[in-house]
Amino acid sequence: MFDLEQLRRHVWLREVEFHDAIESTNVRAAELAAGGVVNCPQLVLAAGQSAGKGRGANRWWSSAGALTFSLLIEPEALGLRSEQWPRTSLCAALAVRDAVDNLAPADDCGVKWPNDVYHSGRKICGVLVEAPPRKQDAPHRLVIGVGVNVNNSLVAAPIDVQALATSLVDLTGRPHNLTEVLSDILSRLAENLAQLAGEATELPERWQRHSLLDGRTVTVDLATRKVTGYCLGINAQGALDLATEFGVEAIHAGVVSNISPALRTE
Ligand code: BTN
């Protein structure tokens with residue numbers, strides 16, 4: 001299913017750990033982060049997860065043929081300052097968006113702020129970035145968890161799931177080489193993180209260009225309150241700019257709902 005030797009030769013990776021089955025690659029990467037010396041960037045890759053984590057209390061469900069991995073990075077070693085770390089999630093989503101668009105080109109292949117990739121109005125990828133607890137004096141580490149529907153067809157899934165999600169095999173009508181897709185995502189992510197470290201203007205221009213919420217009215221749940229507004233885009237800090245009745249508010253984190261018009265038009 002995966003060519004591990006090819007992945008171990010990937011220029012950006014220093015370690016690859018593979019599991020046929022695991023609860024969650026994010027949990028495993030966090031365990032590694034809490035330990036001693038880790039060669040970062042380290043890839044934790046699984047053919048299957050039994051308890052994949054999604055945002056909040058959500059689970060990430062994926063069947064055979066999906067791509068599920070976590071990347072453990074030491075952000076300071078990559079030149080990333082702490083205020084830039086929240087934007088790693090957008091860097092990952094953008095990397096997946098570009099890799100998916102390369103195989104299944106579409107105008108509506110884009111990023112749904114803050115961490116999803118959608119194609120044809122359906123979710124194809126979710127990203128979960130976590131900062132695991134660390135030992136005193138250990139370097140800061142981030143876990144970038146990515147789930148992409150690649151060869152896991154959703155045509156046999158319940159109709160409500162089909163309406164919400166899609167996969168590369170369903171979009172293109174052919175299976176894809178998981179190692180190639182993963183290598184491509186990793187190369188794009190390495191480049192995006194380098195651009196983030198250098199505050200390259202091209203990076204926010206790209207997430208703005210591919211932002212799917214622009215021109216839509218959305219509600220964002222901020223845990224303490226909800227904000228409803230007209231989405232102006234994702235700004236250079238990675239925040240969602242919403243025009244509300246009180247003026248423009250930059251939202252740095254939250255859960256988006258009530259998207260109008262909906263992402264899916266059929
Ligand atoms: C979301 O859309 O809520 C984020 C989903 C993130 C899922 C990936 S799959 C690989 C990695 N390991 C996990 O347990 N979760 C992330």
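No value in this document is a laboratory result; all are computed from the given coordinates. Predicted, not measured: the structure shown is a model, and the values here were computed from it. Note that we place each Cβ from the backbone using ideal geometry, even for glycine, and neighbour counts take in every protein chain shown.
Please quote Rg/Rh for region 4-209 to two decimal places, taking the Kirkwood radius as Rh and restricting both calculations to Cα atoms. Show your work: numbers first, answer last.
On the way: Rg = 16.1 Å, Rh = 17.1 Å.
So for region 4-209, dividing Rg by the Kirkwood Rh gives 0.94.
The lysines within cross-link reach of LYS112, meaning a Cα-to-Cα straight distance under 25 Å and a gap of 8 or more places when in the same chain, are LYS53, LYS123, LYS226.
Under a Cβ-only charge scheme (Lys and Arg +1, Asp and Glu -1), can you give me the dipole magnitude of the chain about the Cα centre, in debye to the nearest 20?
Values: 24 positive and 31 negative charges, 84 e Å.
The dipole magnitude comes to about 400 debye.
For the chain, the 222 nm mean residue ellipticity estimated from helices alone, with every DSSP H stretch of n ≥ 4 adding -39500 (n - 2.57) and the total spread over all residues, rounds to -7500 deg cm²/dmol.
So for region 4-209, averaging the separation of alpha carbon pairs under 8 Å that are six or more residues apart and normalising by length, what relative contact order in percent results?
22
Projecting the Cα atoms of LEU4, GLN49, LEU182 onto the dipole axis of the chain, where Lys and Arg carry +1 and Asp and Glu carry -1 at the beta carbon, places GLN49 farthest toward the positive end. Ranked by the mean number of other Cβ atoms within 10 Å of their residues, highest first, the peptides 51-57, 108-114, 155-161 come out as 108-114, 51-57, 155-161.
The C-alpha radius of gyration of region 1-114, expressed as a fraction of 2.2 N^0.38 Å, stands at 1.13.
Per-residue 3J(HN,Hα) values for region 7-19, derived from phi via the Karplus relation 6.51 cos²θ - 1.76 cosθ + 1.60 with θ = phi - 60°, read 5, 5, 8, 4, 4, 8, 8, 10, 7, 10, 10, 10, 10 Hz in sequence order (x marks Gly and Pro). In the frame of its principal axes, region 217-260 has Cα extents of 23, 19, 18 Å, reported largest first.
Summing charges over neighbours of ASP160, with a neighbour being any other residue whose Cβ is under 14 Å away from its Cβ, gives +3 when K and R count +1 and D and E count -1.
Using a cut-off of 10 Å between beta-carbons, work out the net charge of the residues near LEU240 (Lys and Arg +1, Asp and Glu -1, LEU240 not included). My count for the surroundings of LEU240 gives -3.
Histogrammed with a bin width of 10 Å, the alpha carbon distances of region 81-134 distribute as 26, 48, 19, 7, 0 percent, first bin at zero.
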